[in-house]
1. So which of 99, 40, 93 ends up being in contact with a strand residue (DSSP E or B) (Cβ under 8 Å, 6 or more places away or on another chain) and at pLDDT 95 or above?
2. Any residue at all in segment 13-33 that is outside any helix (DSSP H, G or I), touching a His at 6+ places or on another chain (Cβ under 6 Å) and among the charged types (D, E, K, R)?
3. Tell me which residues, restricted to segment 34-47, are part of a helix (DSSP H, G or I) and charged (D, E, K, R).
4. If a residue must be surrounded by 15 or more Cβ atoms within 10 Å (Cβ to Cβ), among the hydrophobic types (A, V, I, L, M, F, W, C) and more than 18 Å from residue 79 (Cβ to Cβ), how many such residues does segment 34-59 contain?
Amino acid sequence: MSAVETRSEVRAEAKYVRASARKARLVLAHVRGRTVPEARTVLAFSERAVATEIEKVLKSAIANAEANHGLIGDELVVVAAYADEGPTIKRWRPRARGRVNRIFKRTCHITVLLAPQEGLESGRRKRRAASEAKPEPEAKAEASSASRAKRSKRKEVAA
């Protein structure tokens, strides 16, 4: 038997949400693949009404991760976020001359999957090492003066 590596994923669902799946998918596309703090910020500033429902599902998934799996909420990533169609409620609106128009009140099922961010610690170390490896201002000044000298030589040759 081969050992299969399983990644712990946390999931939360909201069923029968009174919004169309298409409108929910538009907002979920912005959240997918982001870290939890980024996703919360995107949803907080989204003008679409379904964003509040998606934010509730995200909070529920974070609570599930913290309570059931012992994970830290801010170190999670939105691995998958999707909206499936739910049942459609059908209503009628009376129109002129005894006619009717159909009204479809659509619902959807919103699902959010979270997983621990891989390489979070190594990413912080990389950023710290990159900031320490920046050249000093003196070296920058020398490099810029050398490039100015090259430019002035080109101008003299061209003239």
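The values are calculated or read from the model by the stated rules, or taken from the named source; none is laboratory data. Everything numeric here is computed off the predicted structure, so don't read it as measured data. We place every Cβ from the backbone using ideal geometry, glycine too, and count neighbours over all the protein chains shown.
1. Going through 99, 40, 93 in turn, just one is in contact with a strand residue (DSSP E or B) (Cβ under 8 Å, 6 or more places away or on another chain) and at pLDDT 95 or above: 93.
2. yes
3. Residues of segment 34-47 part of a helix (DSSP H, G or I): 36-44.
Selection gives 38, 40.
4. Within segment 34-59, residues that are surrounded by 15 or more Cβ atoms within 10 Å (Cβ to Cβ), among the hydrophobic types (A, V, I, L, M, F, W, C) and more than 18 Å from residue 79 (Cβ to Cβ) number 2.
For every residue, the table says whether it meets (1) over 30 Å from residue 20 (Cβ atoms); (2) touching a helix residue (DSSP H, G or I) at 6+ places or on another chain (Cβ under 6 Å); (3) part of a strand (DSSP E or B); (4) at pLDDT below 65.
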site	(1), (2), (3), (4)
74	yes, yes, no, no
77	no, no, yes, no
125	yes, no, no, yes
129	yes, no, no, yes
148	yes, no, no, no
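Residue-by-condition table, conditions (1) within 14 Å of the chain's Cα centre (by Cα); (2) touching a residue at least 40 places away in the same chain (Cβ under 8 Å); (3) farther than 21 Å from residue 106 by Cβ:
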{"residue": "16", "(1), (2), (3)": "no, yes, no"}
{"residue": "19", "(1), (2), (3)": "no, yes, no"}
{"residue": "23", "(1), (2), (3)": "no, no, no"}
{"residue": "27", "(1), (2), (3)": "yes, no, no"}
{"residue": "32", "(1), (2), (3)": "yes, yes, yes"}
{"residue": "45", "(1), (2), (3)": "yes, no, yes"}
{"residue": "48", "(1), (2), (3)": "no, no, no"}
{"residue": "76", "(1), (2), (3)": "yes, yes, yes"}
{"residue": "89", "(1), (2), (3)": "no, no, no"}
